[in-house]
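The values are calculated or read from the model by the stated rules, or taken from the named source; none is laboratory data. These numbers come from a predicted model, not from an experiment. Note that each Cβ is placed from the backbone with ideal geometry, even for glycine, and that neighbours are counted across all protein chains shown. Side chains are part of the model used for accessible areas, which takes the heavy atoms of the whole protein and leaves out ligands, DNA and RNA. Shrake-Rupley method; radii C 1.70, N 1.55, O 1.52, S 1.80 Å.
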Amino acid sequence: MKKDIHPTNYREVVFKDMSNEVTFITRSTIATRETITLDGKEYPLVKLEITNASHPFFTGKQKLVDTAGRVDKFMSRYGNRGKK
């Protein structure tokens, strides 16, 4: 094994899903500026937009999101090509 190849700042970090306020603690070397106190102990905080607790694939709440009519535009162009 090579010596001195592992990071020295490997520590416990809290990751927080901002869409549903779910938090979990894991070990990481990620640099953070914010901290959070959980169970009386202060941890570095990483805010995430989406995790497995809020992602539609993992929650089973998948739905088609139409942003600015993109789905309708696609269907008008290519939707009827397979039907003859």
Open item on the list: Nearest 500 deg cm²/dmol is fine: what mean residue ellipticity at 222 nm does the chain get from its DSSP H runs of n ≥ 4 alone, each adding -39,500 (n - 2.57), divided by its residue count?
Closed with: -3500 deg cm²/dmol
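In nm, what is the difference between 0.36 nm times the number of residues separating residue 26 and residue 81 and their Cα-Cα distance? Show your work: numbers first, answer last.
On the way: separation 55, 0.36 × 55 = 19.80 nm, distance 4.91 nm.
Roughly 14.9 nm would be gained on extension.
Apply the a/c threshold of 1.5 to the C-alpha gyration tensor of the chain and tell me whether it is rounded, prolate or oblate.
Numbers: a/c = 3.79, a/b = 2.29, b/c = 1.66.
Taking the square roots of the gyration eigenvalues as a ≥ b ≥ c, the chain is prolate.
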Open item on the list: If you restrict to DSSP beta bridges whose two residues both lie in the chain, what percentage is antiparallel, to the nearest 5?
Closed with: 75
Open item on the list: If the elastic network links every pair of Cα atoms under 10 Å, which of 60, 69, 40 fluctuates the most in the Gaussian network model of the chain?
Closed with: 69
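Can you give the charge dipole size of the chain about its Cα centre, rounded to the nearest 20 debye, using +1 on the beta carbon of Lys and Arg and -1 on the beta carbon of Asp and Glu? Can you show the working numbers first?
On the way: 16 positive and 10 negative charges, 163 e Å.
My answer is approximately 780 debye.
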- [ ] Identify the residues of segment 28-46 with backbone N under 11 Å of a label point that sits 7 angstrom from the Cα of residue 12 along the Cα-to-Cβ direction, or state none.
- [x] 38-44
Open item on the list: Suppose accessible area is computed on protein heavy atoms with a 1.4 Å probe; arrange 2, 73 from highest to lowest.
Closed with: 2, 73
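Please give me, ordered by residue number, the GluC sites (Glu not before Pro) of segment 6-39 that lie in loop per DSSP and have at most 11 other Cβ atoms within 10 Å. Before the final figure, lay out each step's value.
On the way: sites: 12, 21, 34; in loops: 21.
Here the GluC sites (Glu not before Pro) that fit, given the DSSP loop and packing criteria, are 21.
Under the 0.36 nm per residue contour assumption, what length would be gained going from the current alpha-carbon distance of residue 50 and residue 3 to full extension? Kindly include the intermediate steps, with their values, before the conclusion.
Details: separation 47, 0.36 × 47 = 16.92 nm, distance 3.63 nm.
Going from the current span to full extension adds 13.3 nm.
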Task: Inter-label distance, nm, simple model (7 Å from Cα along the C-beta direction), residue 35/residue 74 - done: 4.6
- [ ] Hey, can you grab everything whose amide H is under 5 Å from the amide H of residue 36? Only 5+ residues off in sequence or another chain; H modelled, so Pro and N-termini drop out.
- [x] 43, 45
